[in-house]
Structure formats: C-alpha cells, structure tokens
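The values are calculated or read from the model by the stated rules, or taken from the named source; none is laboratory data. Model, not experiment: these values are computed from the prediction. Positions of Cβ are generated from backbone atoms using ideal geometry, with glycine treated the same way; all protein chains shown enter the neighbour counts.
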Amino acid sequence: MRNTLIVTKRELGAYFSTPVAYVFLVIFLAAIGAFTFYLGSFFSRSQSDLQPFFTFHPWLYLFLIPAIGMRLWAEERKTGTIELLLTLPVSTFQVVTGKFLAAWLFTLLALVLTFPIWITVNILGDPDNGVVVASYLGSWLMAGAFLSLVACLSALTKNQIIAFVVGAAVSFLFLMAGLDIVLGAFRSWAPDWVVDVVSSLSFLTNFQQISKGVIDLREIVFFVTMIGVFLFANTAIVDLKKSA
C-alpha cells in the first residue's frame with residue numbers, strides 16, 4: 001500500500017507541474033456550467049434540483065476523461081521512463097493502481113470544484129440533497145470506470161493521440177450499450193442472455209439508476225468491478241510489454 005501511495009503522490013504532482021491540469025479544470029468547470037444553465041434550461045425548468053447538471057456528466061467524461069488518461073502510459077512508453085519506473089522495487093499492479101488513483105483523485109478535485117452550483121441550487125430552492133450526494137458518488141464511480149478503461153488502452157500505444165481517440169471510441173461503446181438503438185442491433189440475431197449482458201455493461205444506464213437517489217448495491221458493484229477488471233487488464237498489458 002505504501003508503494004502505491006508513493007506512485008500516486010508522484011503522478012498527482014506531475015499533473016500540476018504543467019499548465020495542462022489547470023486548463024482541464026477550467027474547461028471542465030466552464031463546460032459543465034454552460035451545459036447546466038443554458039443547454040439544460042436550468043432557470044426555465046422552475047425546479048430546484050441538479051438533474052440538468054448530472055445529465056451532462058457522462059457526455060463530458062466521454063471526451064475529458066480520455067484527455068486525462070491518454071498520458072498515463074502512452075507518455076511513459078514514448079519517453080522511455082516506463083523502463084525506469086518498472087525497475088523500482090514496486091510491483092506492476094502497484095504502479096498501475098497508483099497511476100490510476102492519481103488520475104481518479106484529480107477527477108474528484110474537478111467534481112469538488114463544482115460545489116458553487118450545488119450551493120446556488122440550495123439558495124434558490126430546497127433540493128433533495130440526498131439525491132445530489134448519491135449523484136456525485138455515481139458520477140465519480142463512473143469517472144473511475146472510464147478512467148481505468150482509458151488507462152488500459154493507453155498502455156497499448158506510445159501515441160497519446162491514438163490513446164485519446166481509441167479511449168473515447170471504446171468509452172462511447174460502453175456508454176451507449178444500454179440504449180435501444182444498440183440493443184436492437186443484437187436482438188435480431190443474438191439470444192436474450194447476450195442482449196442482457198450487453199445492456200448490463202452500459203455506464204449510462206447504471207449511472208442513471210444511482211442519480212435517481214437510490215444507491216443500489218448492484219450499481220456500486222458494477223462500477224467497482226469494471227474498475228478492477230480494467231486495472232488487472234492494464235497490469236497484464238504492461239507486464240507483456242515489459243517482457244517483450
């Protein structure tokens with residue numbers, strides 16, 4: 001655990017050693033504010049809730065999370081520092097987990113910085129803050145699932161642009177998996193159990209369930225499981241690249 005925290009601290013510090021982190025935070029906050037108050041028709045709805053705010057989270061993550069995760073391994077492979085990193089007295093899984101935790105904590109910071117929107121809603125009305133807390137938790141878990149997926153794909157290439165594009169594309173597939181337009185393509189030829197499996201893999205559907213304010217253990221387990229699966233896959237890919 002100590003080694004993992006050391007890697008996490010190193011990676012988290014690397015984010016703020018360049019202007020990239022600050023640019024990302026500004027873009028995220030500006031985008032979520034614009035989407036909430038303008039595209040989400042916040043004021044015209046005459047309801048004191050954060051539904052428009054959380055509605056846009058999955059779609060923002062679709063582009064912003066790959067922007068965070070694309071550098072996690074692609075940059076290490078391009079600069080050759082991955083060899084140095086893996087010669088340190090830490091296991092590959094500890095390095096993978098540490099890098100993931102650093103990026104996940106960075107996304108948590110981005111979410112925390114949206115607190116003025118929450119305060120604004122409480123000043124204007126009387127929202128169900130239990131639903132808001134559940135939605136924030138669901139959003140962070142979903143961000144973690146996206147991030148672990150993108151980090152895993154980042155380990156496959158030395159090119160950050162390729163890591164971004166592939167990460168965004170695969171993330172889109174997991175986001176859309178539960179929608180009828182996707183399931184309809186499977187129902188025409190696949191058995192029902194295949195359709196059910198594809199539907200259950202949808203990040204969007206599982207997040208929407210949590211954002212209703214009912215924290216179901218199934219959705220929590222889903223996101224935690226996805227994070228775990230992609231972290232282990234990430235570890236396997238790095239080990240294969242190391243042995244090669």
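Working only within region 133-162, note down all residues that are within 12 Å of residue 65 (Cβ to Cβ), crowded, with 24+ Cβ neighbours inside 10 Å and not aromatic (Phe, Trp, Tyr).
Scanning region 133-162 gives 142, 143, 145, 147, 148, 149, 150, 151, 153, 154.
Pairs please, first residue from region 209-230 and over 30 Å from residue 92 (Cβ atoms), second anywhere and acidic (Asp, Glu) and not in a helix (DSSP H, G or I), Cβ atoms under 7 Å, 6+ apart in sequence or on different chains.
Sorted first by the residue in region 209-230, then by its partner, the pairs are 209/216; 213/128.
Does residue 235 meet the test of being among the hydroxyl-bearing types (Ser, Thr, Tyr), buried (at least 17 other Cβ atoms within 10 Å of the Cβ) and under 17 Å from the mean Cα position of the chain (by Cα)? Before you say what the answer is, go through the steps one by one.
Working: among the hydroxyl-bearing types (Ser, Thr, Tyr): yes; buried (at least 17 other Cβ atoms within 10 Å of the Cβ): yes; under 17 Å from the mean Cα position of the chain (by Cα): no.
No: the conditions fail for residue 235.
Restricting attention to region 14-37, and to residues there that are among the small types (Gly, Ala, Ser) and part of a helix (DSSP H, G or I), which single residue is farthest from residue 111 (Cα to Cα)?
14
In region 195-215, which residues are at pLDDT below 80 and surrounded by 13 or more Cβ atoms within 10 Å (Cβ to Cβ)?
195, 213, 215
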